[in-house]
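The values are calculated or read from the model by the stated rules, or taken from the named source; none is laboratory data. Bear in mind that the values here come from a model prediction, so they are computed numbers and not experimental data. Cβ placement follows ideal geometry from the backbone for every residue including glycine, while neighbour counts extend to all protein chains displayed.
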Amino acid sequence: MSEDLTGRRLGHYKIDGVLGRGGMSVMYRATDVRLGRKVALKVMGEHITGDAEFRERFVDEARNTSAIDHANIVPLYDFGEVDGMLYIAMRLVDGSDLAGLVEGGPIAPSRALELLGQVAEALDMLHEQGLVHLDLKPANVLVTSREAANEHVYLADFGLTRRGATGHRTSSGDFLGSPTYAAPEHLRGESVDGRTDLYALACMLFACLTGRPPFRGQVSEIIQGHLGADPPAATSLAMLPPAIDGVLRTGMAKSPDQRFGTCKELIAAARGALAPAAGRPSPPPVQRSGPVSGPQPVQPTPGPRPVPGAAFPSPPQAPVAPPQAPLPPMPPSGDPVRLRPPSPAGSASFATGRPGGSGSARWIVLGLVGAALVVIVVLFVVMATSI
């Protein structure tokens with residue numbers, strides 16, 4: 001569809017602007033004038049609305065999507081036809097899509113696993129109900145951080161079909177959709193099931209980890225890659241644990257029977273392979289018997305007392321006593337180290353030769369006694385002379 005409907009009315013929807021364009025449709029931001037709420041309005045291209053088989057699939061998709069109730073699937077509000085144009089109205093998600101994130105380069109493994117883990121939950125629920133998404137690609141994975149503490153994912157823009165049916169094609173046999181993430185059986189128009197979506201999810205995981213899809217080039221080159229070529233090793237494009245290459249090869253196996261059984265199994269295998277790069281907590285430190293770094297308490301060891309004002313005790317000049325045990329190693333910090341415990345108050349270390357001790361008191365008493373005797377003798381002599 002080349003015509004821009006911005007500013008026009010489509011039924012009771014006022015179209016405010018373009019959100020995105022695809023090969024089969026244009027997604028608009030619109031206002032439901034009856035309810036006064038913002039919606040995302042998907043309007044199908046006029047070049048395919050005349051195809052009877054496509055119109056049937058469109059109605060089937062809308063009815064199936066409206067019956068789905070899952071936290072990671074965008075709610076569908078309404079669908080219909082106005083002036084020959086088919087439309088689907090769905091919840092407007094305030095955020096971006098996964099395609100915009102991948103365009104900026106590889107996504108951190110932990111973030112990729114968190115986002116695609118939510119996609120896997122939604123896909124497996126669809127598959128349990130006998131449905132296949134069939135249009136899984138980064139542009140159809142909406143990411144918002146406005147509705148929860150962490151990033152929340154909505155799966156949108158379904159090309160739903162029943163399990164066992166063939167992939168989407170027009171009555172002339174043309175493939176409908178983007179082949180960049182399409183499974184081989186989907187491209188060949190063969191029977192599809194949940195493993196078809198699993199293949200696309202593995203391609204999306206490859207794109208999140210490397211910043212590019214597994215096969216690039218012209219449309220014919222991309223299709224041939226999916227049909228017969230091995231995907232490049234993700235580890236050749238990004239610094240990743242080697243085990244992830246095996247997980248991606250299994251997820252993108254050409255035969256559905258060689259893939260994982262469910263989408264959650266794929267993500268679980270990827271989580272295990274990416275554990276070294278996905279922020280898994282490190283194991284507790286190993287206790288070592290030797291010296292460890294950082295300030296450590298030093299046990300007091302008997303030895304020579306340090307000389308006041310000296311940084312370290314002076315070595316003895318001659319061996320006068322049995323050798324002491326070696327001192328513990330100095331910690332690599334600038335903290336002072338006590339080489340021996342302080343002597344307790346009143347011990348011999350502080351009693352010998354201390355000013356004001358018992359020896360000094362004795363000499364003072366003797367001096368006073370001598371002085372008293374001298375005074376007495378002088379008084380006696382004076383009195384005798386006067387007589």
Matching option when the condition is modelled with pLDDT under 95, out of contact with any Gly (no Cβ under 9 Å at 6 or more places or on another chain) and charged (D, E, K, R), among Asp174, Asp97:
Asp174
Residue that is farthest from the chain's Cα centre (by Cα) [pool: residues in region 134-150 that are assigned to a loop (DSSP other than H, G, I, E, B) and under 17 Å from Gly23 (Cα atoms)]:
Leu134
Identity of the residue in region 92-133, in a helix (DSSP H, G or I) and among the charged types (D, E, K, R), that ends up farthest from Gly22 (Cα to Cα):
Glu128
Between a first residue in region 57-78 that is more than 27 Å from Val33 (Cβ to Cβ) and a second residue that is assigned to a helix (DSSP H, G or I) and charged (D, E, K, R), which pairs have beta carbons less than 9 Å apart while being 6 or more apart in sequence or on different chains?
His70/Glu121; Ala71/Glu121; Asn72/Glu121
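Okay, residues lined up against (1) in a helix (DSSP H, G or I); (2) in the same structural domain as Leu123 (by TED's automatic domain parsing); (3) of a type in the set (Asp, Glu); (4) in contact with a Cys (Cβ under 6 Å, 6 or more places away or on another chain):
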{"site": "Pro214", "(1), (2), (3), (4)": "no, yes, no, yes"}
{"site": "Glu221", "(1), (2), (3), (4)": "yes, yes, yes, no"}
{"site": "His226", "(1), (2), (3), (4)": "yes, yes, no, no"}
{"site": "Pro232", "(1), (2), (3), (4)": "no, yes, no, no"}
{"site": "Pro241", "(1), (2), (3), (4)": "no, yes, no, no"}
{"site": "Asp245", "(1), (2), (3), (4)": "yes, yes, yes, no"}
{"site": "Arg249", "(1), (2), (3), (4)": "yes, yes, no, no"}
{"site": "Lys254", "(1), (2), (3), (4)": "no, yes, no, no"}
{"site": "Gly261", "(1), (2), (3), (4)": "no, yes, no, no"}
Can you find a residue that is surrounded by fewer than 18 Cβ atoms within 10 Å (Cβ to Cβ) and closer than 30 Å to Gly50 by Cβ anywhere in region 109-130?
yes
Return yes when Glu185 is without any contact (Cβ under 8 Å) to a residue 12 or more places away in the chain, acidic (Asp, Glu) and part of a helix (DSSP H, G or I) and no when it is not.
no
Give the residue that is surrounded by the fewest Cβ atoms within 10 Å (Cβ to Cβ), with candidates limited to residues of region 131-162 that are modelled with pLDDT under 90 and polar (S, T, N, Q).
Asn150
Pairs returned, first residue in region 189-208 that is more than 26 Å from Ala238 (Cβ to Cβ) and in the same structural domain as Pro106 (by TED's automatic domain parsing), second residue that is at pLDDT below 95 and among the aromatic types (Phe, Trp, Tyr), beta-carbon separation under 9 angstrom, 6 or more apart or interchain, are Gly189/Phe175
